[in-house]
Structures are given as C-alpha cells and as structure tokens.
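In what follows, a structure is listed as structure tokens, so that the remarks can point back to it.
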C-alpha cells in the first residue's frame, strides 16, 4: 500500500546582504554553464577528442578554442561566448576528472 506524504511549506527570509550574494552566485553559475556547454559542443564537433588521454584532451581543446601567439585563429574560439576566462577555469571545464582546483 502507498504511504501518504506530507508537504511542509516554509517561508525563507534572507538578510539584505544575502540578496547580493545570491545574485553574484547566479551570475557565476550562468557563466560556468555557458562555458561547459561550449566545450560540450566542441567535443561533439570533434568526437576524436574522446579517444585521447586527459592531458592530450586538454591540449587539443586549448588549440581548438584558445587564441595564442602561435594559434591566432582557433577553430572554435572561446571568446565568442565569453571574454577573459581564466586558464584554471577553462581546464576545469575541459577536464574529465572534474577535480576542484587547490
């Protein structure tokens, strides 16, 4: 026999300074999602990347997406969705292990 469940409704009240924290957190979360989705699209377009080791994958994704002096015009530039993405942030979005930075 199925058991009945009870729904508890509770109103949450936040301090004024917490609204700023939540807004900043939402902006960061949205930025992370855009970058991860971008790299997902890159991997879908270049499925051979999945056959590489983790280190080779990171190198290949950087070459495909990040402009450098030697690679001025990457095939799928990350700057098309966001400017100034830090290297550690990029590598975490690309990593298969998804370990947080120390």
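Calculated FRET efficiency, residue 47 to residue 83, Cβ-Cβ distance, R0 = 30 Å: about 0.60 to the nearest 0.05.
At full extension, residue 11 and residue 72 could sit 16.7 nm farther apart than now, given 0.36 nm per residue minus the alpha carbon distance.
Shown here are the Rg and Dmax of the Cα trace of the range 21-94, at 12.9, 40 Å.
Each reported figure results from applying straightforward, stated rules to the coordinates on display, with no laboratory input. Remember, it's a predicted structure, so these values are computed and weren't measured experimentally. Every residue, glycine as well, gets a Cβ built from its backbone with ideal geometry; the counts of neighbours run over all protein chains shown.
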